[in-house]
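Here is the structure we will look at, set down as structure tokens.
No lab work stands behind these numbers, since they all come straight from the coordinates. As the structure is a prediction and not an experimental result, all values here were calculated from the model. Neighbour counts are summed over all protein chains in view; Cβ atoms, including those assigned to glycine, are modelled from backbone coordinates with ideal geometry.
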Amino acid sequence: MAPVAVGNTQQWLRLYSENLANSYRASGLIQHCVTKGETREGQVLGFLEQLLPKRAAVERNVVIADSQDVQSPKFDAVLLDRLYWPRLFQQDDTAVVMLESVLAAIEVKSMLNTAEIKDVFQKSAALRGMKCAGKGSGPCPPVVSAFAYTCDNLLLAFFDFACEYTLAPALSPTIICVLNEGLLRLCRLDGRSLVPEDVPSAGLIPAALLGPDALFVFVYTLSSWASVGGGSLGVYRAYGREVFGAATAVCFDEDYLSAVVKNSDIRQRARGAYLRPGKATFEELYEASRNSIGLSERASR
Amino acid sequence: MPEAPLSFKPQSTDIVKSGTVVGLTDRVYDISGSEVIFDEVLVRGDLSGDLEYNGHTIRVLRVDTVAGLLVDGRGARGPVWTGVVCEVIH
């Protein structure tokens, strides 16, 4: 019998991805914008509630407060440790929770574009700038993630993500998933490999994992945060060895990122190369962007 | 555009030789540069020659102390090498 190229779990996650994409298209017929947005949030958050470990609750419409009475913007959802921490306030569909009780914040976007990336970074900066009164259930301040149903230009989104991270590393979101297209994620370089890093800090590498298994890796990442090091991850990876065993990611060269964040003129010039991608590959667009700011020699990592 | 393998396997304390764990460090050490010094290695096999540690190839250069049995506040364990200086091959 020939070896199976795509395992069952990978297939299930790809089918979930198709279902979410179909639900997204179906909700597009709703004309009322707020209702449409809420429906789309509900679709993906409902899916996460079904699959993520129960150790963390997926709580929707959450404001996070710290002990100094500083409040975060409202997040579409958070992974919350409800086992050990009380809520501060709950009315109807909105909750206020303790900073230390949050394992991760989740934002849901219909389309990932420059404005939405800025919004995710602004919310992340607000949360990651808050002060913890003591040890939290996870990293404190908590990490931030985002999920987007679509993205017109993933390379441009990756460029914006990498620039925003480089400008304020510790305040950055950790991961942005674009359904069926890829993941933007912070990593560190370890030998010749990129290793996912959860807590944003200076010196990390923004990387893009491309392909149809973005949702699988996103669920894996959220599961790792929800299970708080419960030891199940190695086993989970075994169920997706086709995904986790052979994954590769692309990143920008260090000299390029240093150059583009120096001033906004250089950044806009570098960005211009990605605006009309046509049928060009990532590699071709990246080379064009490097050339546009006078970087021709590649200083490989 | 640079492309690299994405490793989801968490960092471990295993020192591996030919697929077998031959030592355990007292904690996970970050490797950057040409040398790493492990405070303590619990010896489980042959630590000579090329060894694998979290994706790096290392080689033991010298050892401060070799103890058959070490007893301290963390309990009794052995054999243990302390102050293990390793060259990072890559």
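Straight Cα distances below 16 angstrom link residue A:118 to the lysines A:74, A:109, with same-chain residues fewer than 8 positions distant left out. Ordering A:269, B:27, A:290 by the number of other Cβ atoms within 10 Å of each residue's own Cβ, fewest first, gives B:27, A:269, A:290.
The order of A:281, A:248, going from fewest to most other C-beta atoms within 10 Å of their C-beta, is A:281, A:248. Summary value for chain B: 28 percent relative contact order, contacts being C-alpha pairs under 8 angstrom separated by 6+ residues. Considering only C-alpha atoms, what is the centroid distance from region A:20-63 to region A:95-112, in Å? That distance is 13 Å.
Candidates B:49, A:90, B:19 compared by Cα position along the dipole of the protein assembly as shown: farthest toward the positive end lies A:90, with charges placed on Cβ. Counting every other Cβ atom within 10 Å of each residue's Cβ, A:177, A:187, A:151 order from fewest to most as A:187, A:151, A:177.
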